[in-house]
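Let me begin by presenting the structure, written as structure tokens, before commenting on it.
The values are calculated or read from the model by the stated rules, or taken from the named source; none is laboratory data. As the structure is a computational prediction, the values presented were derived from the model and not from experiment. Neighbour counts run over all protein chains shown; Cβ positions are idealised from the backbone, glycine included.
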Amino acid sequence: MKKFEGKYVWHATEFDMFKRQDQSSGYIEEYTNKETFCHSGLLVPGASLMSDSFMGVIYFLILIYFFLGIAIVADIFMEAIEVITSKKTVVMVNDPSDPSKQIEVERNVWNPTIANLTLMALGSSMPEILLSIFSTVGDLDGIPSALGPASIVGSAAFNLLFITAVSIAAVEGEFKKIFDVRVFLWTAVASTWAYVWFFLVLTVISPNYVELWEAILTFVQFIVLCLVAYGCDKWTGSKVV
């Protein structure tokens, strides 16, 4: 490798950048005309020497491998959460036919509404949450990537709009009855407000920044969401005869 007039020349071919990586068994000299060298924990040294088409295939195979891994882990995680939320306990209640006696009745330990809003939501959104955490922790002093928040918003929108539509259209010729309309309406309003609040925080209140009080207020709003949804669920339950 020779340098001539700001260019690196190798076998009569000019390159813009050159980098030498020392290894335990020697060293690797890389040269490229790309914008940057392709280095990561997944790629072996010297990956920048390969063609873009070859690296495209490699990246695609790695992406498929990761998708399969995430699908397997998420499935196991969701099964574990289902086991937790389906746990029941036996309580003593008055016998409706004879108030002087008590009978044993099985009841859910977890309220279904709270389980859906907390554990089930955590399990289904865990890949996006981890992606956002890794993106932020990986560069605390820099500007966080928009990939994490964008994936969370996109996933929530996909679940709210696409999954709901597919679930309704899955069974033909039948109407879908919403058992607890109050909880449904409240969660729909809260979901819509979440998008509005996200826009206000990043565009109006503190453009391109998330301040501490905004983060705390966002978490408080989640607690309010759960409390109001729980109240709506108990209200509906008290009305059912």
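When the residues of the stretch 149-178 are filtered to those that are surrounded by 10 or more Cβ atoms within 10 Å (Cβ to Cβ) and of a type in the set (Phe, Trp, Tyr), the one that is farthest from the chain's Cα centre (by Cα) is Phe162.
Residue count for the stretch 47-90 satisfying the condition of being outside any helix (DSSP H, G or I) and charged (D, E, K, R): 2.
Just the residues that are surrounded by 14 or more Cβ atoms within 10 Å (Cβ to Cβ) and under 15 Å from Ala156 (Cβ atoms), please, taken from the stretch 186-220. Please lay out each step first, then the result.
In the first step, residues of the stretch 186-220 are kept if they are surrounded by 14 or more Cβ atoms within 10 Å (Cβ to Cβ); the result is 186-187, 190-191, 194, 197-198, 201-202, 205, 210, 214, 218.
Thr187, Ala190, Ser191, Ala194, Trp197, Phe198, Thr218, listed by residue number.
Kindly establish whether Ser167 is in contact with a Lys or Arg (Cβ under 8 Å, 6 or more places away or on another chain), at pLDDT 75 or above and among the hydroxyl-bearing types (Ser, Thr, Tyr). Taking the combined requirement at face value, the residue satisfies it.
Being surrounded by 13 or more Cβ atoms within 10 Å (Cβ to Cβ) and either assigned by TED's automatic domain parsing to the domain that holds Gly123 or modelled with pLDDT of 80 or more (or both) is the filter here, so list the residues in the stretch 51-61 that pass it.
If we filter the stretch 51-61 for residues that are surrounded by 13 or more Cβ atoms within 10 Å (Cβ to Cβ), which is where we start, we get 55, 58-59.
Passing the criteria: Ile58, Tyr59.
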